[in-house]
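Participant: Structure provided below as structure tokens; questions to follow.
The values are calculated or read from the model by the stated rules, or taken from the named source; none is laboratory data. Keep in mind the model is a prediction, meaning the values are calculated, not measured. FYI the Cβ positions are ideal-geometry reconstructions off the backbone, even for glycines, and counts take in every protein chain you see.
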Amino acid sequence: MKKLSAFVFLLLCAVILLGADDQPQFPSVPAPVSGNAVASLKGGFELFSMMGVGPKKAWNDVTNQVYVMTLGHSGKWSKGREVPGVAGRLNAAAAGAKGLVVLMGGYVVDNQGAEITVPDVNVYEPGARRWSRGKDIPVAVDSAAVGVVHDRFVYLIGGRSPAGPVNNVQVYDVDKDTWSQATPFPGTPVFGLAGGVADEAIVIVDGAKPGPEGGPRYVASDECWLGRIDKKDPIKIEWSKLPPHPGPARFGIAAGGADRDHKVYFSGGTATPHDYKGTSYDGKPAEVSNVTFAYELHAHRWDTITQTTLEPRADGRGLLETPLGPVVVGGMAKNLAVTAGVTLLPKKPLPDASK
């Protein structure tokens, strides 16, 4: 989608709340939720939040609810058809392609607190409010990064399998309902990593890797990777290591690609890996980062967008490109409370932030 005209921008702002300095503010989702999968369609005009856990952060507070908002329509969230199944999931991945929302993987929590990663793929047709079953993920994962190329190929990157973190790049062809294994990223297998796809390139950072013997179960990885997708073969990826991003390594960053900006955006997260309740694997409370940054694909550099992000989040599970800018939906706020907030992030870096 090209640059937004001033008229369309004002029209969108008219159906979205205006906050300080006349900056648009998105309405909250109807209920607080964290670990929710998010996706968008229609060039970012239609937004989806699916499943996740509510404010009690307990096994019986995991939901299969779907919320939908169309920009330029009512400016309000409405309920979609619930995800099929007897239980909701946490840390699933989602992406929009071909007018459909593809919901992949995640884990369920039983009444003993056990986390069970599943291979399920559910495909949602919004107009018909209809779910169908897609082919299972070959390597079941939760807490993976995701992106889309050519409005057809969905890239599921890394994540936690039943055997532990992986470095797989699994590609779902929406047209054919088939999976392929693409070139894996060469770094340490991780889950809770952040990333996105723009300009036929993948940018991924951080995540959790197994901790040292006698130490925490998981620790943060500080690796950053750039993957260039072959223009003729979507499963061939040329990977190269990127320099460290702004700020320390983190877990549970909200991230997503923005083709119109030629960037992949990253915001929030915590310096220590944590469970869905926000408790770090070293037993200490996690603290949410205030930093929002981006990788500029044309300039080949990291940009610090802001070090004082309003309403920073962890576990937002994705950052959606919209005509007004990148948006994070739900997650855990600074006090680790599950939030219903929807935050529009700034797009431009601070003066001299990249120097």
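Participant: Mind checking which residues of segment 316-345 are assigned to a loop (DSSP other than H, G, I, E, B) and in contact with an Asp or Glu (Cβ under 7 Å, 6 or more places away or on another chain)?
Facilitator: The answer is Gly331, Ala333, Gly341.
Participant: Moving on. Taking Asp177 as the residue in question, decide whether it is under 26 Å from Glu321 (Cβ atoms) and free of Cβ contacts under 8 Å to residues at least 24 places away in the same chain.
Facilitator: No.
Participant: Then there's this: Can you name the residue in segment 92-124 that is buried (at least 21 other Cβ atoms within 10 Å of the Cβ) and in a loop (DSSP other than H, G, I, E, B) and is also nearest to the chain's Cα centre (by Cα) among such residues?
Facilitator: Ala92
Participant: Counting only residues that are aromatic (Phe, Trp, Tyr) and more than 22 Å from Pro244 (Cα to Cα), which one in segment 171-219 is nearest to the chain's Cα centre (by Cα)?
Facilitator: Only one residue fits best here, namely Tyr172.
Participant: Might you let me know whether segment 125-143 holds any residue that is among the small types (Gly, Ala, Ser) and buried (at least 21 other Cβ atoms within 10 Å of the Cβ)?
Facilitator: Yes, the conditions are met somewhere in segment 125-143.
Participant: OK, next. Would you be able to tell me the number of residues in segment 75-91 that are part of a loop (DSSP other than H, G, I, E, B), of a type outside the set (S, T, N, Q) and crowded, with 18+ Cβ neighbours inside 10 Å?
Facilitator: Residues flagged as part of a loop (DSSP other than H, G, I, E, B), of a type outside the set (S, T, N, Q) and crowded, with 18+ Cβ neighbours inside 10 Å within segment 75-91 amount to 4.
Results for (1) under 28 Å from Asp199 (Cβ atoms); (2) hydrophobic (A, V, I, L, M, F, W, C); (3) surrounded by fewer than 24 Cβ atoms within 10 Å (Cβ to Cβ), shown as yes or no for each residue.
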{"site": "Asp259", "(1), (2), (3)": "yes, no, yes"}
{"site": "Gly269", "(1), (2), (3)": "yes, no, no"}
{"site": "Asp282", "(1), (2), (3)": "no, no, yes"}
{"site": "Pro285", "(1), (2), (3)": "no, no, yes"}
{"site": "Thr304", "(1), (2), (3)": "yes, no, yes"}
{"site": "Val328", "(1), (2), (3)": "yes, yes, no"}
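Participant: In addition: Starting from segment 132-158, keep only residues that are over 9 Å from Val197 (Cβ atoms), then list their pairs with residues that are surrounded by fewer than 24 Cβ atoms within 10 Å (Cβ to Cβ) and modelled with pLDDT under 95 whose Cβ atoms are within a distance under 6 Å, requiring at least 6 positions of separation or different chains.
Facilitator: Between residues of segment 132-158 that are over 9 Å from Val197 (Cβ atoms) and residues that are surrounded by fewer than 24 Cβ atoms within 10 Å (Cβ to Cβ) and modelled with pLDDT under 95, there is no close pair.
Participant: Only one residue in Ser49, Ser40, Ser78 is more than 20 Å from the chain's Cα centre (by Cα) and of a type in the set (S, T, N, Q). Which one?
Facilitator: None of the others qualify; the one that does is Ser78.
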